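Reviewing the structure listed below.
What follows is calculated from the coordinates using simple rules that are stated; it is not laboratory data. Quick caveat: nothing in here was measured; it's all calculated off a predicted structure.
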Amino acid sequence: MPFTDPYPAKSGNTPPRPGVLTIDVRKAARVARMGESPDTQARELATEARDRVRFEEEALQLADQVYRVARRLVHSKEEAEDLVQETYARAFRSWRSYTPGTNLRAWMLRILTNLNIDRGRRQQRAPDTTHLEESDYFLYNRLEDDSADDEERLLQRLSQNDIVDALAAVPHDFRDVIVLVDIGDFSYQEAAQILDIPVGTVMSRLHRGRRILKRHLAEATVGGE
Amino acid sequence: MSATFDPCAWCEEVLQPYLDRHLTERERAEAQTHLDECGYCAKRYRFEENLRQFVQQAASEEMDPELKERLSSLRTPLL
């Protein structure tokens, strides 16, 4: 499936696109709505305007989902809002490079994660996380010790803030994958496309990341008492 | 496979791919068979599944309606 990002990570400002005609959108809209001067060029303009409107509508319908992922990729609400707004501005500018019928949600998220990377976040080296991964049973055992058999109640010992903080404490390489797959409901394959990493890397990061997350959650159940 | 196959250890190994729906049909069926007869593993699976749902719900924040309006205003004006 074609999956092209018009503005890959580390690109500077919007480059001029050679060979692309500047479209008179207003005229195109008049043609589309009122059937004005239906010569060939006008018809093309009308089609273009219609496609553009459709693209923008479809993209806006995904806004809630895009925001939910963005909110957990960055630390503050303000950052998330800026990131989403910038993503939509860029998507609307480069809508022609989206192939209709392909995965628009993944296309939007790819723009978003690249913008996030452009902000220089990746300069940091990933911290050593081996001490966080000791056991997959850690959280289970800790919660299990306390109340015998009601898992539902066990999880109530964790607040929403505990979860948010624990997720934020996961190093970003791992967090990105968890957020896309476990919060955004993206498949391994989609996450691989969005982050431009192999599927195997998605799986191993997911595996390690979930362990790290559980370790932080286990610590939160102690600290919260 | 070693001479002493430990079904619980195997079940634990495929727990995450099971919940991710990334097992083959045959592996899934094998896991299911074990889960039907092993209370310990069934509880482990329930716990991890609940935890995932809990994390997803807790980590999902809705956007301000005001931001949605700002995004709408980024659309190309038609007339």
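Brief remarks on what is shown
- In plain terms, the chain from A:Asp185 to A:Glu58 could stretch by 43.9 nm, reckoned as 0.36 nm per residue minus the Cα-Cα distance.
- For chain B, calculated [θ]222 nm from helices alone, where every DSSP H run of n ≥ 4 adds -39500 (n - 2.57): -20500 deg cm²/dmol
- Using alpha-carbon coordinates, inclination of helix B:25-37 to the longest axis of chain B, degrees: 70
- Eigenvalues of the alpha-carbon gyration tensor of the range A:42-83, scaled by 5 and square-rooted, set the equivalent ellipsoid semi-axes at 32, 9, 5 angstrom, largest first.
- Alpha-carbon gyration tensor eigenvalues x 5, square-rooted, for chain B, Å: 45, 15, 9
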